[in-house]
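Asks: For reference, the structure I am asking about is given below.
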Amino acid sequence: MGAIFIAMEGLDGSGGTTQTARLADWLRSNGHAEVVTTAEPSTGPAGRFIRDVLNPQHEASVIGDAVLPFLFAADRRDHLDREVIPALQRGAAVITDRYYHSSLAYQSLAVGLPTVADLNERFRAPDITIFLDLEPEVSLARIEARGGTLERFEAIDRLRSIAEAYDAVLVHCRARGEHIVRISADGSIDDVHKRVVEAVQSTIEALS
Ligand code: TYD
């Protein structure tokens with residue numbers, strides 16, 4: 001089976017990391033010789049620096065929200081050039097846990113959608129973007145249940161604003177011709193996985 005580029009998106013707590021892993025297993029058992037799972041912020045040097053900026057305990061957190069769109073875009077260029085594009089050229093299926101839609105949603109709150117859209121317009125569009133749709137209240141409950149310290153973006157008001165921003169992002173990206181499937185992330189991991197597989201399967205059929 002040929003190369004396919006899949007992006008997983010959604011609020012914090014919407015299950016992107018789990019669904020990325022489940023989808024990778026499914027692709028491996030359904031004929032994809034090479035499946036690469038990756039994420040943004042990436043594990044490269046720019047991505048590691050972003051993690052420091054997002055950590056309120058770290059001295060790098062003095063960097064303001066207006067700088068973040070540039071940092072994420074720099075990390076994205078590096079991630080694409082060193083990991084994603086070479087893998088696609090080898091014919092792999094690549095799933096990224098977050099991509100530029102996250103920037104368009106999260107960073108638009110600080111600098112507005114047009115500015116973030118300009119910074120990201122040249123990056124390769126995914127063949128399919130899965131948006132895991134979850135109410136901000138449910139998302140916060142899941143974040144609290146996993147007991148993690150809340151990151152810069154995880155308070156309820158922020159989550160509500162990000163959910164609204166994502167709505168605008170989906171409209172913006174679909175208007176550019178992107179294939180985005182909105183999937184309810186409410187339900188068991190298996191339920192959501194089945195919905196994800198259905199969407200990916202029809203994209204694979206359309207590509208072949
Ligand atoms: P993520 O790794 O998904 O969170 P976690 O550490 O809980 O798995 O992403 C870290 C945070 O970065 C998350 O709150 C979303 C945010 N983010 C942006 O603001 N812009 C971006 O472009 C990306 C990729 C992530």
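Asks: What ranking do 7-13, 128-134, 55-61, 115-121 get when scored by the average of other Cβ atoms within 10 Å per residue, highest first?
Replies: On the way: 7-13: 25.7, 128-134: 24.0, 55-61: 11.3, 115-121: 16.7.
Highest-to-lowest ranking by the protection proxy: 7-13, 128-134, 115-121, 55-61.
Asks: Given charges of +1 on the Cβ of Lys and Arg and -1 on the Cβ of Asp and Glu, with all other atoms neutral, how large is the dipole of the chain about its Cα centre, in debye to the nearest 20? All intermediate terms of the calculation are to be shown ahead of the outcome.
Replies: Details: 21 positive and 31 negative charges, 95 e Å.
Approximately 460 debye in magnitude.
Asks: Counting only helical runs of four or more DSSP H residues, what would the 222 nm mean residue ellipticity of the chain come to if each run contributes -39,500 (n - 2.57) and the total is spread over all its residues? If you can, show how the numbers build up before the last one.
Replies: Working: 9 runs with 101 residues, N = 208.
Estimated from H runs of four or more residues: -15000 deg cm²/dmol.
Asks: Also, I was wondering about something else. At 24 Å minimum axial length over the Cα atoms and a Kyte-Doolittle cut of -0.5, report the qualifying DSSP H helices in the chain, or say none. Could the numbers behind the result be given before it?
Replies: On the way: long enough: 156-175 (29 Å, 0.27); 189-207 (27 Å, 0.14).
Within the chain the helices that satisfy the rule are 156-175, 189-207.
Asks: Which of the trypsin sites (Lys or Arg not before Pro) found in region 1-103 are loop residues per DSSP with 13 or fewer other Cβ atoms within 10 Å of their Cβ?
Replies: Working: sites: ARG22, ARG28, ARG48, ARG51, ARG76, ARG77, ARG82, ARG90, ARG98; in loops: ARG90, ARG98.
Listed in order of number, the matching sites are ARG90.
Asks: For region 1-139, build the charge dipole from Cβ charges (+1 Lys, Arg; -1 Asp, Glu) around the Cα centre, then report which of GLN57, THR129, GLY10 sits farthest towards its positive end.
Replies: Value computed over the given set: THR129.
Asks: Using the alpha carbon gyration tensor of the chain, what are the three equivalent-ellipsoid semi-axes (square root of 5 times each eigenvalue), largest first, in whole Å? Intermediate results must be reported in sequence, preceding the final value.
Replies: Details: eigenvalues 132, 80, 55 Å².
Rounded to whole Å, the semi-axes are 26, 20, 17.
Asks: Related question: Taking a quarter of the surface of the Cα convex hull of region 120-197, what do you get in nm²? If you can, show how the numbers build up before the last one.
Replies: Numbers: hull surface 24.7 nm².
The Cα convex hull of region 120-197, projected and averaged over all directions, gives 6.2 nm².
Asks: With a 1.4 Å probe and every protein chain kept in, tell me what percent of the accessible surface of the chain is carbon plus sulfur. Can you show the working numbers first?
Replies: Values: 5030 of 9720 Å².
The C+S portion of the solvent-accessible surface of the chain is 52 percent.
Asks: Let me ask something else. What distance in nm separates the two pseudo spin-label positions at ASP65 and ARG122, each 7 Å out from Cα along the beta-carbon direction?
Replies: My value for the distance between the label points is 2.8 nm.
The values are calculated or read from the model by the stated rules, or taken from the named source; none is laboratory data. All values reported here derive from a predicted model rather than from experimental measurement. Cβ: placed from backbone, ideal geometry, glycine included. Neighbour counts: every protein chain shown. Accessible surface is based on the protein model in full, side chains and every heavy atom, while ligands, DNA and RNA are left aside. Shrake-Rupley method; radii C 1.70, N 1.55, O 1.52, S 1.80 Å.
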